[in-house]
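**Q** Quick one: structure below, then a few questions.
Since every read-out is calculated from the coordinates, none of them should be taken as a lab result. For clarity, every value in this text was computed on a predicted model and none was experimentally measured. Please note: Cβ atoms are built from the backbone with ideal geometry, for glycine as well, and neighbour counts cover all protein chains shown.
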Amino acid sequence: MTGPQPARPVPPCARCKCSPGTVTGRNDPLCSTCFISYARSKPIKRMDPFRVRNNPTNAPPPLLLLPFSFGVSSLTLLHILKEHMSSQRTRVGRTGYGLLVVWVDDSGISGDGPGSVRKKETFMGLESHFGGEGSGITFKSVQLEDIYTYSQPQGAPTSSAEGTNLEKLRVLISSLPSLSSKQDILTTLLTRLFIRLAIQHSSPAILFSHSTTRLAEKTLSETAKGRGYSVPWSTSDCTIPLPPSQFPHRKLQTIYPLRDLLKKELHTYLSLTPSLQPFHIPSSSSSSATPSPQSIIPISTAKDTSIDSLMHQYFSQMEQTYPSIVANVVKTIGRVPAPTHLVALAEVAAEVEQSVPNCAVCGFPIDIDEADVWEEEDRDVKKLSVGVLSELGVGVEELCGGCRRSLEGAKEGVGARWPL
Ligand SMILES: [Zn+2]
Ligand SMILES: [Zn+2]
């Protein structure tokens, strides 16, 4: 029979060697002060292009768009950047950038009315805590269905019979055949909404708050959904290939400042920062950066589990036991160059006013070689509805492999209500 075990001694902090190492940063025991400084150093390094000295004294600082979802990732990123801006201000009297924090309210699709009310109140609280005169941080909330007001619809002319923006979006989503395709198209719409907002506010960059864990999930799920060729664009710090016919000569960067931190490390940061905790609203399967499509569409049975949800569950477990494997997935994809030759092709096509090989749905340049492979495979799978294509006003060759896959089996109504 054994008696009560003596408490294990707390190891000393691996950095300062004097305080007790009460938390874990990657593999080392750290004290809370050293952990906070480790966690802040990673994203601040990624913000190097926006040092104060890179911004002329007489110019207003560039406004960077930060998608906000009340999850641990975007909340932590907002806090780290606010502290970074404060230290820039203390050192040289001004900041190298400003922030536009955008929350997309998806309650029209999720039906989460009470949740939306709580988020509205929390967002206002966040604004008074972080924003205000001289903070350099502005806050904006938009409805997901607002995407219809940021662009002219393609395809068939719209009529008032199509209803309100929310009704159109509901028909679009309900016309999609599976949970995976609904989540895939919602993610596409969210990304394109953030791009439109960034352009409207003359923002040079979008700061997505994906952690290492979230980027590993995204790498594998995008590949499984037939979007492998565009993964470098959707997971790396890069220039987004905007459709040149819509945005001639406009450049927009994406930056993933939290790409070197695991999700569990962001939770540690939050647990060590009590002032942030009132603004944290976890979703049932919270992802980072953007409102999670997993949270928009409730999952009722295991059979309904989507590729995104499966990858989320898998990497949530992996980061607990094998964090280096998760980090390696992200490092490996980080070395794959974006297919810039496709961007060049699209730009040349736009210059000579030929049909532009940018996908009509997701907006990325189409990999023509890969499209041929899909064409072959399409013979064995359900064809895209001719009605959907004619509603969209495009040929099948104007959709990338990933969007073709998501629209297979879609009912008519998707194309007529496609907002971009
Ligand atoms: Zn320490
Ligand atoms: Zn596409």
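**Q** Extent of region 47-347 along each principal axis, from alpha carbon coordinates, in Å, largest to smallest?
**A** 55, 49, 46
**Q** A further question on this structure: Counting other beta carbons within 10 Å of each residue's own, what order do Cys403, Cys16, Cys34, Cys238 fall into, fewest first? Could you put the intermediate results ahead of the total?
**A** Working: Cys403 26, Cys16 13, Cys34 20, Cys238 16.
Fewest to most other Cβ atoms nearby, the residues stand as Cys16, Cys238, Cys34, Cys403.
**Q** With charges only on Cβ, +1 for K and R and -1 for D and E, what is the dipole size of region 47-347 about its Cα centre, in debye, rounded to 20? Each step should come with its number before you reach the end.
**A** On the way: 27 positive and 22 negative charges, 130 e Å.
Charge dipole of region 47-347: 620 debye, to the nearest 20.
**Q** Specify which residue in the list Met318, Gly93, Thr268 is farthest towards the positive end of the charge dipole of region 47-347, using unit charges on the beta carbon of Lys, Arg (+1) and Asp, Glu (-1), about the Cα centre.
**A** Gly93
**Q** Grab the Cα-Cα distance for Asn58 and Ser275, subtract it from 0.36 nm times how many residues apart they are, and report the gain in nm with one decimal.
**A** 74.7 nm
**Q** If you average the alpha carbon positions of region 12-78 and of region 308-324, how far apart do those two centres end up, in angstrom?
**A** Using only Cα atoms to place each centre, the spacing works out to 23 Å.
**Q** So, one more: Fewest Cβ neighbours within 10 Å first, please rank Asp237, Asp308, Asp48, Asp146 accordingly.
**A** Numbers: Asp237 16, Asp308 26, Asp48 10, Asp146 19.
Least crowded to most crowded, the residues run Asp48, Asp237, Asp146, Asp308.
**Q** While we're here: Label Ala7 and Asn328 with points 7 Å out from Cα along Cα→Cβ: what is the distance between them in nm?
**A** 3.8 nm
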